Amino acid sequence: MKPINIPWIALLLQGIPEQTAVVILAFVIARIPLKWNRILLIGIVLAVCSYIVRLFSVPFGLHSILLIILLFIALTWLGKGDFSLSLIASLLSFLALGIFEFVCLSLLMPVFGITPETLFTGLIIIRIAIGEPQVLLTLIFAYLLNKFIPKKRLKMNEFL
């Protein structure tokens, strides 16, 4: 398997915002108070870890599993979140990102006439621009969840 070459600009303009949005969503789902310095730190660490893993010849998707595990650890350790709720939040946050990414790419690629090959071999600005709507959707979803779900921490048996 060939390593994926990701330019630094993509890490800065797409990777870090995307992972930060996932962390915000996970904090909201886990009902952990939003502490922006921690959220940004975790988002940067996740993005850099993803970047490093993709530099090696590893099976596609392995970086996602690693990110879910790291996010879970961050939620329980740095966020002081409940173990079970942190696990669910980690999984649901990346599931939401995957769904938003699928929807956005499925809608935007045909509209702009972009092929999957163009995304990986074309101009980096196209790849970044087409990836930003999923970041915005993740942030909007996190905001709406934060606004409409109860603020108190629920016990796991109340959640299910």
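Details
- The residues of region 5-31 that are closer than 19 Å to ARG127 by Cβ, in contact (Cβ under 8 Å) with a residue 60 or more places away in the chain and assigned to a helix (DSSP H, G or I), listed by number, are ILE9, ALA10, LEU13, GLN14, PRO17, GLU18, ALA21, VAL22.
- Region 43-67, subset under 11 Å from the mean Cα position of the chain (by Cα) and at pLDDT below 95, residue nearest to PHE27 (Cα to Cα): SER64
- One residue stands out in region 43-56 among those that are surrounded by 15 or more Cβ atoms within 10 Å (Cβ to Cβ) and without any contact (Cβ under 8 Å) to a residue 40 or more places away in the chain: the one that is farthest from PHE72 (Cα to Cα), namely VAL53.
- ILE140 satisfies every condition listed in (1) farther than 13 Å from VAL28 by Cα; (2) assigned to a helix (DSSP H, G or I) except (1).
- Filtered residues of region 43-66 (kept if outside any helix (DSSP H, G or I) and small (Gly, Ala, Ser)): SER57, GLY61
- Some residue of region 70-80 being within 21 Å of ALA10 (Cβ to Cβ) and assigned to a helix (DSSP H, G or I): yes
- No other residue among ARG54, ARG31 is farther than 20 Å from TYR143 by Cα and of a type in the set (D, E, K, R) apart from ARG54.
- Flag if VAL103 is under 20 Å from VAL48 (Cβ atoms), part of a helix (DSSP H, G or I), hydrophobic (A, V, I, L, M, F, W, C) and modelled with pLDDT of 95 or more: no
- For LEU87, the conditions (1) within 29 Å of LYS147 (Cβ to Cβ); (2) not in a helix (DSSP H, G or I) are fulfilled apart from (2).
- Number of the exception - LEU34 against (1) in contact (Cβ under 8 Å) with a residue 40 or more places away in the chain; (2) surrounded by fewer than 18 Cβ atoms within 10 Å (Cβ to Cβ); (3) over 13 Å from the mean Cα position of the chain (by Cα); (4) in a helix (DSSP H, G or I): (4)
- With respect to the stated conditions, LEU40 is at pLDDT 95 or above and either part of a helix (DSSP H, G or I) or buried (at least 17 other Cβ atoms within 10 Å of the Cβ) (or both).
- Some residue of region 90-101 being under 15 Å from PHE27 (Cβ atoms) and charged (D, E, K, R): no
- Yes/no for THR115 being of a type in the set (Val, Ile, Thr) and at pLDDT below 85: no
The values are calculated or read from the model by the stated rules, or taken from the named source; none is laboratory data. Just so it is clear, the structure is predicted and the values come from calculations on it, not from any experiment. Quick reminder, even Gly has a Cβ in these numbers, built from the backbone with ideal geometry, and neighbours come from all protein chains shown.
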